[in-house]
1. Kindly list the number of the only condition in (1) modelled with pLDDT of 90 or more; (2) basic (Lys, Arg); (3) outside any helix (DSSP H, G or I) that fails for Arg312.
2. Counting only residues that are of a type in the set (Asp, Glu), surrounded by fewer than 17 Cβ atoms within 10 Å (Cβ to Cβ) and over 21 Å from Ala181 (Cα atoms), how many does region 100-130 have?
3. Within 16 Å of the ligand (Cβ to nearest atom), assigned by TED's automatic domain parsing to the domain that holds Gly131, hydroxyl-bearing (Ser, Thr, Tyr) and modelled with pLDDT of 95 or more: which single residue out of Thr44, Thr52, Thr76, Thr13 fits that description?
4. Between Gly113, Gly58, Gly139, which is in the same structural domain as Thr193 (by TED's automatic domain parsing) and more than 23 Å from the chain's Cα centre (by Cα)?
5. Specify the residue that is nearest to the ligand (Cβ to nearest atom); the eligible residues are those in region 163-188 that are crowded, with 20+ Cβ neighbours inside 10 Å and within 23 Å of Val81 (Cβ to Cβ).
6. Checking Ala181 against (1) within 26 Å of Arg68 (Cα to Cα); (2) among the hydrophobic types (A, V, I, L, M, F, W, C); (3) touching a strand residue (DSSP E or B) at 6+ places or on another chain (Cβ under 8 Å): exactly one of these is not met. Which one?
7. Could we say that Leu41 is touching a residue at least 40 places away in the same chain (Cβ under 8 Å) and either at negative phi or surrounded by 15 or more Cβ atoms within 10 Å (Cβ to Cβ) (or both) here?
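The values are calculated or read from the model by the stated rules, or taken from the named source; none is laboratory data. Everything quoted here is computed from the prediction, not taken from an experiment. So basically every Cβ, Gly included, is an ideal-geometry build from the backbone, and we count neighbours across all protein chains shown.
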Amino acid sequence: METNGHEHVIEVTDLRRVYGGGFEAVRGISFSVRRGEIFALLGTNGAGKTSTVELLEGLAEPAGGRVRVLGHDPYTERAAVRPRTGVMLQEGGFPSELTVAETARMWAGCVSGARPPAEVLALVGLEAKAGTRVKQLSGGQRRRLDLALALLGDPEVLFLDEPSTGLDAEGRRATWELVSALRDGGTTVLLTTHYLEEAENLADRLAIMHDGLIATTGTPAEVTAAEPSRISFELPEGYFVGDLPPLGELGVAGHETEGRMIRLRTRELQRTATELLMWAARAGVELRRLDVRSASLEEAFLGIAKNVSAERATGTTTKEYAA
Ligand SMILES: Nc1ncnc2c1ncn2[C@@H]1O[C@H](COP(=O)(O)OP(=O)(O)OP(=O)(O)O)[C@@H](O)[C@H]1O
């Protein structure tokens, strides 16, 4: 469990999940999460995120591979793992007639050494709703109640399945701040999300899943650095892409044209941009709508989803250059 002085609180090795009927939703994934780290699982719909998190929570038995949470098998050693973990599922499913405070008290009764319910409600900004029935909460307020209940046992490890889905921008920011503060206090957090901005802001490391596999993993900066940077501009009337210096020599990895708009992809942003601008200056060409930027996590995500999927016929004027 100890690697280079870092304790791995979650260890997943070659994990597989197969549903009845033989569908393999998780097809052999490996990753680990260190103590006090926020790890985000991203992926397309149906990629296998929830199927994976459920295995980590000990809710189902893997079809293959190994999971360790705090050094234990969460399925066969549930009693050792469960009191030290907090779980926020996608659907909480509370009795809708109970009030928020009653729900928290009921839940606290199931947790050994529970924190005072009012304390966790205050943490998620629901103290003013303590007397409101669950059925009268908005979707976002229910998500916050889910989070409050996951925090009742003051867990060492927190599993959050889409924690900010349904929250407004302010609620999402508040959740990010709370999760960051928990991490700073030493809590290990594994979350799934569809919000790339959430992963970019919150995660120390992340994995992007696609089709039951991990397509890429690393820090947000490492994952985006693996994607080419973009340069786009519009050529003036009478100029064509063939008038540019040979793109391969500029370090361009690929390009697309749409009318007079040119989009270049490069792994050598500074060199490509410099040589392009030098050419424009020499030729007296104004590059309109010029935009030069590194890849975002969203582009990395879309690139992975596109690349890993079966190659679709594009029918566009996309051209790739050998590296
Ligand atoms: N109980 C089940 N029986 C059979 N197949 C299932 C079951 N639950 C999920 N699946 C399938 O497993 C695959 C992975 O689903 P999963 O819910 O893990 O994906 P996800 O990445 O969490 O997706 P989303 O982002 O849409 O929540 C999907 O193809 C889904 O249809």
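1. Single failed check for Arg312: (1).
2. Within region 100-130, the first condition is being of a type in the set (Asp, Glu), and the residues that meet it are 102, 119, 127.
Still in the list and also surrounded by fewer than 17 Cβ atoms within 10 Å (Cβ to Cβ): 119, 127.
Still in the running and over 21 Å from Ala181 (Cα atoms): none.
Of the residues in that region, 0 qualify.
3. On the way: Thr44 fails: modelled with pLDDT of 95 or more; Thr76 fails: within 16 Å of the ligand (Cβ to nearest atom); Thr13 fails: within 16 Å of the ligand (Cβ to nearest atom).
Selected residue: Thr52, the only one of Thr44, Thr52, Thr76, Thr13 that is within 16 Å of the ligand (Cβ to nearest atom), assigned by TED's automatic domain parsing to the domain that holds Gly131, hydroxyl-bearing (Ser, Thr, Tyr) and modelled with pLDDT of 95 or more.
4. On the way: Gly58 fails: more than 23 Å from the chain's Cα centre (by Cα); Gly139 fails: more than 23 Å from the chain's Cα centre (by Cα).
Among Gly113, Gly58, Gly139, only Gly113 is in the same structural domain as Thr193 (by TED's automatic domain parsing) and more than 23 Å from the chain's Cα centre (by Cα).
5. Filtering first and then ranking leaves Pro163.
6. Result: Ala181 fails condition (3) only.
7. Numbers: touching a residue at least 40 places away in the same chain (Cβ under 8 Å): yes; either at negative phi or surrounded by 15 or more Cβ atoms within 10 Å (Cβ to Cβ) (or both): yes.
Spelling it out, Leu41 is indeed touching a residue at least 40 places away in the same chain (Cβ under 8 Å) and either at negative phi or surrounded by 15 or more Cβ atoms within 10 Å (Cβ to Cβ) (or both).
Table: residues versus (1) in the same structural domain as Glu299 (by TED's automatic domain parsing); (2) over 21 Å from Ile10 (Cα atoms); (3) more than 16 Å from the ligand (Cβ to nearest atom); (4) at pLDDT 95 or above.
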| residue | (1), (2), (3), (4) |
| --- | --- |
| Thr193 | no, no, no, no |
| Ala199 | no, no, no, no |
| Leu206 | no, no, no, yes |
| His210 | no, no, no, no |
| Thr216 | no, no, no, no |
| Ser232 | yes, yes, yes, yes |
| Thr257 | yes, yes, yes, no |
